[in-house]
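Structure record follows, encoded as structure tokens.
The values are calculated or read from the model by the stated rules, or taken from the named source; none is laboratory data. What you see is a predicted model, and the numbers here were worked out from it, not measured in a lab. Every residue, glycine as well, gets a Cβ built from its backbone with ideal geometry; the counts of neighbours run over all protein chains shown.
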Amino acid sequence: MSININNHNNAITNNSESPFAKLKSINFGDCKWNSGFWAEKVKNAEDKMLPYMGDLLCGDIGHALNNFKIAAGEKVGEHKGFYWHDGDFYKFMEAKMYIYGLTKNESLLKELDEYIAVIGRAQEDDGYIHTHIQITEGADRFENRKYHEMYNFGHLFIAASIHYRITKQRNFLDIAIKQADLLYTYFMPDTKHYQRFGFNQTQIMGLVELFRTTKDEKYLKLAEKFINRRGTYEIKHDDTTIGYPIGDMVQERTPLRESREAVGHAVLALYYYAGAADVYAETGEKALIEALDALWENITGKKMYVTGAVGQAHYGASTSLDMIEEGFIDAYMMPNMTAYNETCANLCNAMFSSRMMAIKDESRYADIIELVLYNSGLSGISIEGKDYFYSNPLRMVNNSRDYNSHADVTESPVRQPYLECFCCPPNLVRTICKTSGWAYNLSENGVAVVLFGGNNLDTTMLDGSPLKLSQDTDYPWKGIVKITVDECKNSAFEIKIRIPKWAVGSTLKVNGKDVGIAVNPGSFAVINRVWKAGDVILLDMPMEVTLVEGHNRIEEVRNQIAVKRGPIVYCIETPDLPKDTSILDVYFNGSSQLKATHENNFLGGVTVVETELLLRASKTEDMYQTVTKPSFTAFKTQLIPYFVWSNRGQAEMTVFMPVIWL
């Protein structure tokens with residue numbers, strides 16, 4: 001099978017030849033962070049996050065590599081970890097691939113080759129590879145969708161495609177192709193047994209990436225088949241789902257093309273929607289994009305937290321009253337303390353938005369990517385890079401819940417050094433490692449600046465012309481971004497600068513002069529001209545501290561505010577309160593001054609917001625009691641970025657605070 005390689009076929013999401021994607025991804029490695037926030041995060045991933053994670057997954061704690069060795073007959077033992085643990089390992093491998101792509105560290109490539117060799121030996125002759133089924137007596141192929149075979153296959157297909165693009169080696173890709181061919185044999189025929197199969201449908205994204213890598217259209221057709229079948233089955237309890245949620249939980253009550261509300265498990269839903277967006281980018285089917293438009297609006301407009309997090313409840317019911325877990329509930333129902341907001345779901349929100357941005361060429365989707373990255377994504381890992389949150393609530397109160405009731409510690413008052421359900425940590429680390437691949441996109445005759453940070457871009461435009469840019473900024477702590485054109489063609493082209501929705505009052509200059517174009521928050525500012533080496537674009541975004549309130553239908557935050565500065569959401573944590581004070585005693589003084597101060601040696605180097613809060617003198621002891629005029633004591637303190645909370649020991653925290661205007 002021939003593999004098509006052109007100048008733009010080595011991206012994370014390889015939409016270079018996708019006819020219905022208006023923005024094309026840059027090749028991974030064309031952009032590298034060189035200083036500042038993301039450069040530090042990627043370096044931390046290389047030095048600490050990945051080595052620590054490798055010790056877990058390749059040892060006897062995470063046991064993922066051991067599972068492959070047992071399946072290969074090289075080790076004796078039982079399968080350990082959840083059904084989807086293979087997928088966790090593929091994501092870990094993908095993260096290593098990105099670091100190899102950035103550093104060309106041959107030791108990383110050697111490690112990857114060793115993993116791939118074990119996986120290859122574990123693969124059965126017909127292509128099947130899923131260690132839980134292979135090792136566990138009495139577990140048969142495709143007998144129960146909760147075994148997450150499709151999820152594991154999808155991450156295999158994605159990781160193998162990325163590995164081929166970055167290394168040009170076929171050893172991993174051939175394993176993926178063999179499994180995908182088997183999947184086609186099983187699932188392409190229209191059999192009732194497979195009409196509704198699949199739980200977490202990552203295989204749709206994976207199949208599209210295999211199609212983009214190999215140009216074999218059967219993978220795209222199979223991806224589309226999975227979408228076509230969903231929602232066409234009469235919902236009933238049967239042998240494949242006894243004891244497990246069905247219907248809206250797995251987005252099977254309504255065909256995707258008719259869906260207008262995000263329902264069920266948030267990760268399942270968003271991987272599904274992202275996969276459907278990939279299919280649309282290839283087929284251009286109107287019904288698909290109409291559904292995806294409505295679903296994106298429903299999520300971001302009615303079911304998303306101020307941090308970009310999604311998946312409001314651990315347990316609950318859909319609007320059709322199907323039992324759901326870890327997912328979407330009713331619109332505007334946004335609890336703070338019990339907010340689930342699985343790290344994977346938040347990251348998937350960014351992945352879906354990334355695909356929609358490419359399709360639509362609209363910067364508002366990138367606002368969601370940025371919101372997640374700086375808030376509900378990074379909150380999932382400690383500053384050091386060795387402890388993890390699975391869920392990301394907006395409020396934590398001591399002794400309010402029995403966190404030990406969940407054996408897998410998916411909800412916890414502190415980050416954990418290992419999560420038995422290990423899907424989120426490698427998902428987050430691979431996202432950190434690939435952020436430079438999201439920083440720019442290519443337009444028909446130009447480039448779009450999507451993410452801000454110190455970086456160098458060395459790429460070619462879609463017409464083959466060389467383009468080099470450098471970005472100099474202290475973002476997200478400061479709002480000035482300097483972009484220098486280092487090399488370009490001598491005919492006119494466009495540079496599109498994302499103006500975040502929050503960045504009201506931004507100005508844009510080229511070589512010190514106003515460019516005379518509209519600079520509208522929430523859109524791209526497009527500068528089309530003949531550029532030359534040495535031209536400097538200066539974007540100045542006012543970094544004012546702002547107060548944010550929720551929609552008046554969000555009961556949980558009525559008469560409360562959150563604090564935001566640029567893309568960063570802030571919170572108050574008990575280490576910054578008087579001793580023995582609960583965050584439930586705290587009120588925000590709406591008339592107080594808000595001062596941003598950068599602290600280089602605090603929580604990894606962050607900008608805090610200094611302000612005055614109020615403590616209520618009398619507390620409500622009874623469940624209900626007669627109101628007397630309360631008195632308050634003012635105290636000066638600081639708010640910290642939400643993503644760095646819980647790095648100073650076990651603490652209470654809240655994003656939203658009741659506000660009093662004095």
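For segment 521-537, what are the residues that are more than 30 Å from the chain's Cα centre (by Cα) and not in a strand (DSSP E or B)?
Those that are more than 30 Å from the chain's Cα centre (by Cα) and not in a strand (DSSP E or B): 530, 531, 532, 533, 534, 535.
With the requirement that a residue be within 10 Å of residue 264 (Cα to Cα) and either out of contact with any helix residue (DSSP H, G or I) (no Cβ under 8 Å at 6 or more places or on another chain) or of a type in the set (Lys, Arg) (or both), what does segment 320-332 give you?
329
Confirm whether residue 494 is of a type outside the set (Lys, Arg) and touching a Gly at 6+ places or on another chain (Cβ under 6 Å).
Working: of a type outside the set (Lys, Arg): yes; touching a Gly at 6+ places or on another chain (Cβ under 6 Å): yes.
Considered against the rule, which asks whether it is of a type outside the set (Lys, Arg) and touching a Gly at 6+ places or on another chain (Cβ under 6 Å), residue 494 comes out as yes.
Quick one: which of 487, 444, 420 is in contact (Cβ under 8 Å) with a residue 12 or more places away in the chain, more than 24 Å from residue 569 (Cβ to Cβ) and touching a Gly at 6+ places or on another chain (Cβ under 8 Å)? Quick ask: steps written out before the conclusion?
Working: 487 fails: touching a Gly at 6+ places or on another chain (Cβ under 8 Å); 444 fails: touching a Gly at 6+ places or on another chain (Cβ under 8 Å).
Selected residue: 420, the only one of 487, 444, 420 that is in contact (Cβ under 8 Å) with a residue 12 or more places away in the chain, more than 24 Å from residue 569 (Cβ to Cβ) and touching a Gly at 6+ places or on another chain (Cβ under 8 Å).
Hey, could you check segment 171-198 for residues that are of a type in the set (Gly, Ala, Ser) and not in a loop (DSSP other than H, G, I, E, B) and say which is nearest to residue 245 (Cα to Cα)? Show your work before the answer.
Going through segment 171-198, the residues of a type in the set (Gly, Ala, Ser) turn out to be 176, 180, 198.
Applying the additional criterion that residues be not in a loop (DSSP other than H, G, I, E, B) yields 176, 180.
Details: 176: 30, 180: 27 Å.
Here the answer is 180.
Answer yes if at least one residue in segment 313-328 is assigned by TED's automatic domain parsing to the domain that holds residue 258, outside any strand (DSSP E or B) and within 21 Å of residue 421 (Cβ to Cβ), and no otherwise. Walk me through how you get there before you give the answer.
So in segment 313-328, the residues assigned by TED's automatic domain parsing to the domain that holds residue 258 come out as 313-328.
From the residues that got through so far, the ones that are outside any strand (DSSP E or B) too are 318-322.
Right, trim to within 21 Å of residue 421 (Cβ to Cβ) and you get none.
Checked segment 313-328: no residue is assigned by TED's automatic domain parsing to the domain that holds residue 258, outside any strand (DSSP E or B) and within 21 Å of residue 421 (Cβ to Cβ).
Residue 305 passes all but one of (1) crowded, with 24+ Cβ neighbours inside 10 Å; (2) more than 20 Å from residue 338 (Cβ to Cβ); which number fails?
Exception for residue 305: condition (2).
When both residues are 6+ apart or on different chains and their Cβ atoms are under 6 Å apart, which pairs have a first residue that lies in segment 501-514 and is closer than 18 Å to residue 471 by Cα, and a second that is outside any loop (DSSP other than H, G, I, E, B) and hydrophobic (A, V, I, L, M, F, W, C)?
Matching pairs, first to second residue: 506/499; 508/525; 508/539; 509/538; 510/537; 511/536.
Limited to segment 513-547, what total is found for residues that are farther than 24 Å from residue 477 by Cβ and among the aliphatic types (A, V, I, L, M)?
Total satisfying the criteria: 7.
What are the pairs, 6+ residues apart or on separate chains, where a residue within segment 102-129 that is under 29 Å from residue 44 (Cβ atoms) has its Cβ under 8 Å from a residue that is part of a helix (DSSP H, G or I) and of a type in the set (Ser, Thr, Tyr)?
Note: pairs meeting the criteria are 102/436; 108/100; 109/100; 109/167; 112/100; 112/167.
So residue 71 passes all but one of these: (1) touching a Ser or Thr at 6+ places or on another chain (Cβ under 7 Å); (2) closer than 28 Å to residue 270 by Cα. Which condition number does it fail?
In the conditions (1) touching a Ser or Thr at 6+ places or on another chain (Cβ under 7 Å); (2) closer than 28 Å to residue 270 by Cα, residue 71 misses (2) alone.
Looking at segment 279-291, can you tell me whether even one residue there is of a type outside the set (D, E, K, R), assigned by TED's automatic domain parsing to the domain that holds residue 423 and assigned to a loop (DSSP other than H, G, I, E, B)?
Start the filter on segment 279-291 by keeping residues that are of a type outside the set (D, E, K, R), which leaves 279-281, 283-284, 287-289, 291.
Keeping just the survivors that are assigned by TED's automatic domain parsing to the domain that holds residue 423 gives 279-281, 283-284, 287-289, 291.
With the extra rule that they be assigned to a loop (DSSP other than H, G, I, E, B), the set shrinks to 284.
Yes - at least one qualifying residue is present in segment 279-291.
Somewhere in segment 227-237, is a residue hydrophobic (A, V, I, L, M, F, W, C) and in a helix (DSSP H, G or I)?
If we filter segment 227-237 for residues that are hydrophobic (A, V, I, L, M, F, W, C), which is where we start, we get 227, 235.
Checking which are in a helix (DSSP H, G or I) leaves us with 227.
Within segment 227-237, one or more residues are hydrophobic (A, V, I, L, M, F, W, C) and in a helix (DSSP H, G or I).
With (1) more than 22 Å from residue 194 (Cβ to Cβ); (2) at pLDDT below 95; (3) surrounded by 14 or more Cβ atoms within 10 Å (Cβ to Cβ) as the list, and residue 147 as the residue in question, which single condition is left unmet?
Against the list (1) more than 22 Å from residue 194 (Cβ to Cβ); (2) at pLDDT below 95; (3) surrounded by 14 or more Cβ atoms within 10 Å (Cβ to Cβ), residue 147 comes up short only on (1).
Does segment 559-577 hold any residues that are part of a strand (DSSP E or B) and crowded, with 22+ Cβ neighbours inside 10 Å, and which are they?
Quick first cut of segment 559-577, residues part of a strand (DSSP E or B) only: 560-565, 568-573.
The answer is 562, 563, 564, 565, 568, 569, 570, 571, 572, 573.
Taking segment 578-602, which residues are farther than 21 Å from residue 656 by Cβ, not aromatic (Phe, Trp, Tyr) and not in a strand (DSSP E or B)?
Passing the criteria: 579, 580, 600, 601.
When both residues are 6+ apart or on different chains and their Cβ atoms are under 9 Å apart, which pairs have a first residue that lies in segment 545-574 and is within 18 Å of residue 652 (Cα to Cα) and touching a residue at least 60 places away in the same chain (Cβ under 8 Å), and a second that is of a type in the set (Gly, Ala, Ser) and part of a strand (DSSP E or B)?
569/562; 570/562; 571/562
Got a number for residues in segment 240-257 being surrounded by fewer than 19 Cβ atoms within 10 Å (Cβ to Cβ) and either at pLDDT 90 or above or within 24 Å of residue 182 (Cα to Cα) (or both)? Full working, then the answer.
Residues of segment 240-257 surrounded by fewer than 19 Cβ atoms within 10 Å (Cβ to Cβ): 240, 242-244, 254-255, 257.
Still in the running and either at pLDDT 90 or above or within 24 Å of residue 182 (Cα to Cα) (or both): 240, 254-255, 257.
Matching residues across segment 240-257 total 4.
Please determine whether any residue of segment 476-489 is modelled with pLDDT of 95 or more and closer than 20 Å to residue 646 by Cα.
Step one: list which residues in segment 476-489 are modelled with pLDDT of 95 or more, which gives 476-489.
Of the ones still in play, those that are also closer than 20 Å to residue 646 by Cα are none.
No, segment 476-489 contains no residue that is modelled with pLDDT of 95 or more and closer than 20 Å to residue 646 by Cα.
Give me the residue from segment 568-625 that is acidic (Asp, Glu) and under 28 Å from the mean Cα position of the chain (by Cα) and, out of that set, farthest from residue 307 (Cα to Cα).
Here is the first cut: in segment 568-625, the ones acidic (Asp, Glu) are 573, 576, 580, 585, 599, 610, 612, 621-622.
If we keep only those that are under 28 Å from the mean Cα position of the chain (by Cα) too, we end up with 573, 599.
Details: 573: 16, 599: 22 Å.
In this case the residue turns out to be 599.
Within segment 464-503, track down each residue that is over 23 Å from the mean Cα position of the chain (by Cα), within 17 Å of residue 366 (Cβ to Cβ) and part of a loop (DSSP other than H, G, I, E, B).
479
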